[in-house]
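Right, one structure below, let's go through it.
The values are calculated or read from the model by the stated rules, or taken from the named source; none is laboratory data. Quantities reported herein were computed from a predicted structural model and do not represent experimental measurements. Positions of Cβ are backbone-derived with ideal geometry, glycine not excepted, and every protein chain shown enters the neighbour counts. For accessibility, only protein heavy atoms count, side chains too; no ligands or nucleic acids. Shrake-Rupley method; radii C 1.70, N 1.55, O 1.52, S 1.80 Å.
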Amino acid sequence: MRPTNQTKKMVYGIVIVALLVAMVPATARVNRIKVEKDLGEAAIGQIDSGSFMMKLFLLGGFRGIVANYLWIQAEDHKKNHDWDRLKATVDLITKLQPHFLSIWTFQGWNLAYNVSVEWDAPEDKYDWIKQGIKFVQEGVRNNQRSPDLIWDTAWFYYHKLGFSDESIILRRLFRDDEDEGFKTYYDPEERRDVVRNDNFQLGYGWFSRAVSLVDEGGARVGGGTSSDITYIDPTPQRKGRADDIAFRSMPAHAQTHYAAALEKMSIAGVEATFGEVAKNEWAKALREWIKFGQHKFMSHNVVLRDGEYVKDEVYLDDATNPEKFKTLPENAQYWTDRWASQMNYRYWKERAQAEMTSEGVAARQSFYEGTKAYKTGDFATAAEKFREGLAIWDENLKGFPTYRDDDLSRKDTGLVVKRYVRVLRQLGEPVPDVFPFKDLLAAAEADNTVDPFDAIEMLGVGAGEVSSAPPPSQPRASDAPATRPGG
């Protein structure tokens with residue numbers, strides 16, 4: 001006897017109900033896995049299925065093929081300068097492979113660096129830099145246990161907005177940006193989200209978050225929340241490893257550059273800041289350098305001691321304490337001196353100590369006011385301010401010989417001496433036979449790489465501040481500096 005249509009409908013209905021009931025525990029399990037493995041919305045259940053490519057992906061087995069196809073498309077859009085399609089294609093790739101961490105880093109870099117430089121207007125550059133930063137931040141939301149993506153976010157705020165040729169304008173655009181979400185970071189000292197108007201402060205906040213995540217046991221690129229997450233790309237990067245000294249130094253660098261930027265016109269139309277505000281920010285920079293210097297690193301090699309092969313504990317700050325340094329084992333002395341020199345730790349720590357003093361801030365204010373007077377043709381005031389500032393600076397640096405004699409510091413001070421002499425010549429006055437730092441004049445006048453009156457105040461980078469290269473696994477932008485911090 002053949003089943004009637006009514007019987008078929010009843011059977012089909014029962015099967016459908018059974019499937020729906022079976023989906024309840026399955027859905028709960030998927031949601032639990034989503035939480036446990038830190039899978040973002042793009043990874044489970046929220047994929048845009050409107051496009052043909054997404055439908056192919058949902059059929060299963062085609063994800064890699066589709067992603068490769070989209071990568072090729074993205075490169076074509078880049079070559080053709082079709083920026084809107086490039087952005088849309090990149091978004092599709094991230095929906096297909098939200099844990100393909102290199103896509104977040106590479107394409108974020110692509111938008112912030114390579115696309116932004118194709119535009120002439122600073123406002124357009126800023127918009128694409130912002131899109132690149134927000135893109136990487138979306139990667140952080142999908143991979144919240146990846147210190148590298150957090151570090152990349154910090155890097156874009158710190159480096160691209162702070163060290164570009166147009167940084168004085170880009171920093172002003174950031175300051176005036178009304179998007180508070182874009183200017184928010186978690187402050188490790190205040191232990192809360194704060195909104196700040198300076199890109200170096202955002203860099204400091206995000207760098208600190210990356211370091212904190214590593215200290216809390218967060219895995220680097222190849223890890224994630226738990227070991228059973230399968231990442232598309234085996235990590236080629238090194239950020240966040242226990243021996244990654246440069247990674248851990250970046251909060252201190254960001255805070256130092258913020259303090260230094262306060263004391264010059266590093267933002268278009270915004271006067272420099274001195275007094276207690278500047279002193280406090282330099283004091284914060286010193287705390288960050290000491291925190292970095294007192295972190296325990298382990299020597300790369302092992303030595304035989306008391307019948308056992310051991311590694312030595314290494315603290316970079318011991319390089320600034322001669323009495324303690326003498327008590328260290330020879331192997332620990334070697335690594336302490338080597339890494340402190342590699343990171344130029346003595347310079348950065350002593351710089352913060354010198355700059356945070358009342359005398360240091362007063363000298364910087366005199367140099368700033370002297371330069372302003374020179375630019376307005378008030379040569380008499382300029383000469384007085386430079387003379388006053390050099391005298392204060394000379395007395396202040398007597399207590400900080402490492403900072404005084406460092407090549408970066410000598411170049412920085414030499415530029416001020418060069419300005420002072422130029423002012424005297426404008427006034428028709430003879431150059432004194434003796435005045436503070438006159439021995440730096442010859443080298444400063446022979447250095448034609450920096451415009452002594454425009455490039456310093458008109459850029460976000462001051463003399464004596466070493467900028468940083470792109471992360472080694474990322475493409476280098478045409479306008480990226482060539483040296484690492486502390487080099």
Partner lysines for LYS79 [C-alpha distance under 26 Å; skip if fewer than 8 residues away on the same chain] = LYS87, LYS95, LYS125, LYS130, LYS134, LYS160
Segment GLU445-GLU276, length gained on full extension (0.36 nm per residue, minus Cα span) = 57.5 nm
Whole-number accessible area per residue in Å² for the stretch 336-433, which is evaluated in the context of all protein chains at 1.4 Å | 42
Just round it to a whole percent: the fraction of Cα-Cα distances in the stretch 61-133 exceeding 15 Å.
-> 52
Would you please state which residues of the stretch 279-302 a label at TYR334 would reach in this model, taking the label point 7 Å out along Cα→Cβ and a backbone N cut-off of under 11 Å?
-> 300-302
For the stretch 72-197, what is the accessible area per residue in Å² when the probe is 1.4 Å?
-> 39
In whole percent, how big is the carbon plus sulfur part of the accessible area of the stretch 106-207, probe 1.4 Å, protein atoms only?
-> 40
Using alpha carbon centroids, what distance separates the stretch 92-144 and the stretch 362-396, in Å?
-> 43
Under a straight-distance cross-link criterion of Cα-Cα below 25 Å, which lysines are reachable from LYS438, leaving out those fewer than 8 residues away in the same chain?
-> LYS264, LYS372, LYS375, LYS385, LYS398, LYS411, LYS418
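So what is the relative contact order for the stretch 334-404, in percent, with contacts set as C-alpha pairs under 8 Å and at least six apart?
With pairs under 8 Å counted, the relative contact order is 37 percent.
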Please give the contour-minus-distance gain from VAL434 to TRP119: 0.36 nm per residue of separation, less the Cα-Cα distance, rounded to one decimal in nm.
-> 108.4 nm
Go ahead and run the numbers for FRET between GLN342 and ASP84, Cβ-Cβ distance against an R0 of 60 Å, rounding to 0.05.
-> 0.85
